[in-house]
Amino acid sequence: GAGVSQSPSNKVTEKGKDVELRCDPISGHTALYWYRQRLGQGLEFLIYFQGNSAPDKSGLPSDRFSAERTGESVSTLTIQRTQQEDSAVYLCASSLDESVGAGGREQYFGPGTRLTVT
Amino acid sequence: QKEVEQNSGPLSVPEGAIASLNCTYSDRGSQSFFWYRQYSGKSPELIMSIYSNGDKEDGRFTAQLNKASQYVSLLIRDSQPSDSATYLCAVNAYSSASKIIFGSGTRLSIRP
C-alpha cells in the first residue's frame with residue numbers, strides 16, 4: 001500500500017515568510033508525528049497527534065510553529081515568520097493506534113520536506 | 001542527561017564482521033524500543049523493534065534489551081557495505097506511551 005507522503009519535497013523561502021508543510025499518513029494509522037532534523041543531527045520531536053486526543057505539542061520550539069490535523073488524515077505544519085535556523089528536513093511519521101499493542105508504535109516515515117530559509 | 005544516548009561514531013567494522021551498536025535510555029518506565037536505519041539524505045526506516053528483555057533475531061540483525069540496565073543494543077552479523085548508515089535508537093516515553101524519543105544516532109561504516 002501507499003506509504004507516508006509529504007509535500008513539497010523541497011522548499012526555499014525568504015526569511016520572514018510563512019511556510020506550510022503537508023503530511024499524508026498511511027491509511028488507518030491514527031498516530032502522526034512531526035520531527036525536525038538539522039544537517040548531521042538527530043531527530044528532534046515537534047508534535048504528536050493520536051486520534052481525537054489533544055495533540056502533544058511539547059516539542060514545538062516556539063509559537064511560530066503550529067500544526068493541525070483533521071481527524072485521522074492529513075496534517076499540516078506551519079512555520080510563521082521563518083528564520084534561518086528553521087532550515088532543516090521536516091519529517092512526518094505515522095503509526096497504528098497504540099491500543100493494538102506496543103507494535104502499534106512502530107513508526108513509518110515519509111520522505112521529508114527539505115526547508116531552506118535564505 | 002539525554003533521554004536516549006548513543007555513541008555518535010563513526011564505528012568502522014570490516015566486511016563480514018559483527019557490528020555492535022549500543023544505546024542507553026533514562027526513562028525506567030519505557031516499554032518499547034526500536035532501531036531505525038537512516039541512509040544519508042534519506043528518511044529513517046524501521047529495522048527492529050523489541051519489547052521484552054532478552055534477544056530478538058531477524059535475519060542478520062539481533063536486538064538485545066536489558067531493562068534493569070536500561071540498555072538496548074543491535075548486532076549486525078556478516079556486515080555488508082550496504083549496512084553503512086546511521087543507526088537510530090528510539091524509545092517510548094513512559095509519560096506518554098506513544099511519544100517516541102530518538103537518540104542522535106551512531107554512524108556505521110563497513111569497510112571492504
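Rule-based calculations on the coordinates, nothing more; no lab input. Quantities reported herein were computed from a predicted structural model and do not represent experimental measurements. Using ideal geometry, Cβ is built from the backbone for each residue, glycine included, and neighbour counts are taken over all protein chains shown.
So, with +1 on the Cβ of K and R and -1 on the Cβ of D and E, and no other charges, what is the size of the charge dipole of chain A about its Cα centre, to the nearest 20 debye?
In debye, rounded to 20, chain A gives about 380.
How long are the semi-axes of the equivalent ellipsoid of chain B, taking √(5λ) for every eigenvalue λ of the Cα gyration tensor, in whole Å from largest down?
23, 15, 12
Rank A:Ala67, A:Gln80, A:Pro25 by how far each Cα sits towards the positive end of the charge dipole of region A:1-108 (+1 on Lys, Arg Cβ; -1 on Asp, Glu Cβ) and give me just the farthest.
Looking along the dipole axis, the top candidate is A:Gln80.
Which whole-number percent gives the relative contact order of region B:24-112, counting Cα pairs below 8 Å spaced six or more residues apart?
Normalised by residue count, the contact order of region B:24-112 is 30 percent.
Quick one: what are the phi-derived ³J(HN,Hα) couplings along region B:88-93, Karplus 6.51/-1.76/1.60 with θ = phi - 60°, whole Hz, x for glycine and proline?
With the stated coefficients, region B:88-93 comes to 9, 8, 9, 9, 6, 7 Hz.
In terms of Cα to Cα distance under 17 Å, which lysines are near enough to B:Lys42, apart from those fewer than 8 places away along the same chain?
Correct list for B:Lys42: A:Lys11.
Scaled to the compact-protein estimate 2.2 N^0.38 Å, what is the alpha-carbon radius of gyration of the protein assembly as shown, rounded to two decimal places?
1.01
Report, as an integer, the average count of C-beta atoms from other chains found within 10 Å of each Cβ along B:64-75.
Per-residue shielding by partner chains comes out at 0.
When we measure straight from the Cα of A:Lys57, which lysines land under 19 angstrom away, once same-chain ones fewer than 8 places off are left out?
Correct list for A:Lys57: B:Lys99.
Cβ under 12 Å from B:Ile76's Cβ, B:Ile76 left aside: what net charge do those residues give with Lys, Arg +1 and Asp, Glu -1?
-2
Which value, in debye to the nearest 20, describes the size of the charge dipole of the protein assembly as shown about its Cα centre when Lys and Arg Cβ atoms bear +1, Asp and Glu Cβ atoms bear -1, and nothing else is charged?
440 debye
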